[in-house]
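Asks: The structure follows.
The values are calculated or read from the model by the stated rules, or taken from the named source; none is laboratory data. The structure presented is a predicted model; accordingly, all values stated were derived computationally and were not measured. Here the Cβ positions follow ideal geometry from the backbone for every residue, glycine too, while neighbour counts run over all protein chains shown.
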Amino acid sequence: MSMPFSGHGDRRTVVVVVAIQAAISLGYFAAMAHVVIHLRVDLGLAAGLIGLVLALRNLVQHTLSLPVGALVDVLGPVRIGMLACLLRAAGFALLGTVSSLPWLVVAAVLLGAGGALFHPAAQSLLAGLAERRRARGYAAYMMTLQIAAVLGPALGLALLNVGYWLVALTAAALWIGAAFLFALLWHAPPVRVVDGVVSGVRTVLRDRVFLGFAVVSTPAMLVTDQASVVVPLGGVDAGAVTVFACVLAMVSAAVQPWCAVPGRADRPGVLRAGLLFAAGGHLLLAGGAGGELTGLVLVAALHGLADGLLQPAVFQTIARLAPPARFGAYLGVQTSLSGLFAFAGGIAVGWSFDRGPGGATAALVVLALTACAAAACARSHPAQAIDARDAAPAASGVKQERP
């Protein structure tokens with residue numbers, strides 16, 4: 001069994017993972033910020049077909065998260081991370097160079113599969129670190145993501161003057177570069193590798209404490225992801241949408257140093273606060289706050305706080321609850337539940353907005369109530385939950401083995 005790195009090894013892992021995040025996020029946001037314009041203007045696809053291609057990517061990514069998370073535990077995060085980067089590079093290359101719908105579908109599948117592989121691989125590397133380094137490393141990982149969310153669209157816009165093919169190929173090159181960065185960690189896996197994808201999933205499904213947390217945290221992805229959807233659907237112009245996205249990303253990044261303190265992000269109060277901030281943002285939009293720039297900035301700040309708190313809260317809690325060698329499986333189950341819930345909820349929100357102003361308001365109120373309900377159910381601190389879980393087998397005389 002190889003133990004987590006300490007000292008220099010921890011720092012090296014964090015530096016490499018943050019560099020990977022910088023490369024792939026710049027490429028992702030540069031390409032995805034302008035993909036709808038490319039599909040609609042350059043290729044002339046109908047809105048329904050554009051929605052199908054984008055939804056297919058999300059569906060593939062979230063559906064595969066369940067088995068892929070456990071696969072990371074078996075094959076190791078470095079191998080899976082390299083494969084993820086190569087798959088996404090191929091997907092972006094296709095996205096910028098093909099025009100037929102079947103090939104666009106292939107591109108969407110490759111992008112979804114790459115995303116399903118990448119996130120558990122990168123986060124498993126961080127989860128294998130010592131607690132202090134893990135908290136700070138994940139904060140740096142998240143800050144890098146949010147900075148790229150601001151810079152990436154600008155990079156894509158500059159390259160778009162030549163053509164979307166250059167945007168997509170640049171994204172592909174950045175993902176290939178990330179694959180080489182993963183290779184720098186090839187001889188130093190931070191967690192031991194275990195056998196059995198199916199056994200990994202079974203371990204998770206038998207853990208009632210974790211499943212309780214997974215259910216409570218499931219709405220987090222829906223209520224945060226829908227912010228970037230409902231604002232443009234509300235009829236604001238491209239400039240206002242850009243301001244909204246930038247403010248959200250900057251606030252989310254600003255929260256990360258606070259979340260970097262070990263033992264802070266996994267407190268149930270942080271999860272509750274994030275969900276309530278998201279609820280407040282949706283309620284403000286339901287009340288018409290998005291119609292003015294000041295109100296839109298306030299909504300963006302609330303959703304930035306929600307995003308900045310919820311992602312570290314989920315990651316750190318999973319890292320606490322999961323056995324060290326099964327983090328991928330635990331993350332995969334939680335991500336799969338959250339992704340499928342967000343997929344279904346996103347379809348419902350889109351359908352509601354098509355019904356007119358009344359439907360839009362109803363959708364925003366339901367999103368807020370969903371976040372409030374989840375916040376009300378967030379209870380035990382992970383340390384207390386782990387103690388209760390481990391005490392149950394001891395009380396019955398059964399020896400509990402952690403893989």
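Asks: On the given criteria, is VAL236 buried (at least 20 other Cβ atoms within 10 Å of the Cβ) and among the hydrophobic types (A, V, I, L, M, F, W, C)? Show your work before the answer.
Replies: On the way: buried (at least 20 other Cβ atoms within 10 Å of the Cβ): no; among the hydrophobic types (A, V, I, L, M, F, W, C): yes.
It is false that VAL236 is buried (at least 20 other Cβ atoms within 10 Å of the Cβ) and among the hydrophobic types (A, V, I, L, M, F, W, C).
Asks: Would you mention how many residues in region 97-112 are surrounded by fewer than 22 Cβ atoms within 10 Å (Cβ to Cβ) and not aromatic (Phe, Trp, Tyr)? Show your work before the answer.
Replies: Step one: list which residues in region 97-112 are surrounded by fewer than 22 Cβ atoms within 10 Å (Cβ to Cβ), which gives 97-106, 109.
Those left that are additionally not aromatic (Phe, Trp, Tyr): 97-102, 104-106, 109.
Residues that pass the stated criteria total 10.
Asks: Could you tell me whether region 17-40 includes any residue that is within 30 Å of VAL198 (Cα to Cα) and basic (Lys, Arg)?
Replies: No, the conditions are met nowhere in region 17-40.
Asks: I'd like the full set of residues that are touching a Leu at 6+ places or on another chain (Cβ under 9 Å), of a type in the set (A, V, I, L, M, F, W, C) and within 24 Å of CYS372 (Cα to Cα), limited to region 306-340.
Replies: Hits for region 306-340 are ALA306, LEU309, LEU310, ALA313, VAL314, PHE315, ILE318, VAL333, LEU337, LEU340.
Asks: Still on this structure: Might you check whether a residue that is surrounded by fewer than 24 Cβ atoms within 10 Å (Cβ to Cβ), more than 21 Å from the chain's Cα centre (by Cα) and without any contact (Cβ under 8 Å) to a residue 40 or more places away in the chain occurs anywhere in region 271-283?
Replies: Checking region 271-283: not a single residue is surrounded by fewer than 24 Cβ atoms within 10 Å (Cβ to Cβ), more than 21 Å from the chain's Cα centre (by Cα) and without any contact (Cβ under 8 Å) to a residue 40 or more places away in the chain.
Asks: Mind checking which pairs have a first residue in region 117-140 that is assigned to a helix (DSSP H, G or I) and a second that is among the acidic types (Asp, Glu), Cβ under 8 Å, 6 or more apart or different chains?
Replies: SER124/ASP73; ARG133/ASP10; GLY137/ASP10
Asks: Which residues, counting only those in region 33-77, are in contact with a His (Cβ under 9 Å, 6 or more places away or on another chain) and more than 20 Å from LEU205 (Cα to Cα)?
Replies: The one that is in contact with a His (Cβ under 9 Å, 6 or more places away or on another chain) and more than 20 Å from LEU205 (Cα to Cα): GLN61.
Asks: Could you pull out the residue among GLY115, GLY163, GLY128, GLY76 that is touching a helix residue (DSSP H, G or I) at 6+ places or on another chain (Cβ under 6 Å) and either assigned by TED's automatic domain parsing to the domain that holds LEU45 or not aliphatic (A, V, I, L, M) (or both)?
Replies: Details: GLY163 fails: touching a helix residue (DSSP H, G or I) at 6+ places or on another chain (Cβ under 6 Å); GLY128 fails: touching a helix residue (DSSP H, G or I) at 6+ places or on another chain (Cβ under 6 Å); GLY76 fails: touching a helix residue (DSSP H, G or I) at 6+ places or on another chain (Cβ under 6 Å).
Only one candidate qualifies: GLY115.
Asks: Mind counting the residues in region 321-363 that are charged (D, E, K, R) and either buried (at least 21 other Cβ atoms within 10 Å of the Cβ) or part of a helix (DSSP H, G or I) (or both)? Walk me through it before giving the result.
Replies: The initial filter retains those residues of region 321-363 that are charged (D, E, K, R), namely 326, 354-355.
Now restrict to residues that are either buried (at least 21 other Cβ atoms within 10 Å of the Cβ) or part of a helix (DSSP H, G or I) (or both): 326, 354.
Looking only at that region, the number is 2.
Asks: If you don't mind, there's one more thing I want to ask. Any chance region 368-387 includes a residue that's in a helix (DSSP H, G or I), touching a helix residue (DSSP H, G or I) at 6+ places or on another chain (Cβ under 9 Å), modelled with pLDDT under 70 and surrounded by fewer than 19 Cβ atoms within 10 Å (Cβ to Cβ)?
Replies: Within region 368-387, the first condition is being in a helix (DSSP H, G or I), and the residues that meet it are 368-377, 382-387.
Within this subset, residues satisfying the condition of being touching a helix residue (DSSP H, G or I) at 6+ places or on another chain (Cβ under 9 Å) are 368-377, 382-383, 385-386.
Now restrict to residues that are modelled with pLDDT under 70: 382-383, 385-386.
If we keep only those that are surrounded by fewer than 19 Cβ atoms within 10 Å (Cβ to Cβ) too, we end up with 383, 386.
Looking through region 368-387, at least one residue is in a helix (DSSP H, G or I), touching a helix residue (DSSP H, G or I) at 6+ places or on another chain (Cβ under 9 Å), modelled with pLDDT under 70 and surrounded by fewer than 19 Cβ atoms within 10 Å (Cβ to Cβ).
Asks: Given the structure, is SER65 hydroxyl-bearing (Ser, Thr, Tyr), in a helix (DSSP H, G or I) and at pLDDT below 95? Don't jump to the end; show me each part of the working.
Replies: Working: hydroxyl-bearing (Ser, Thr, Tyr): yes; in a helix (DSSP H, G or I): yes; at pLDDT below 95: yes.
Yes.
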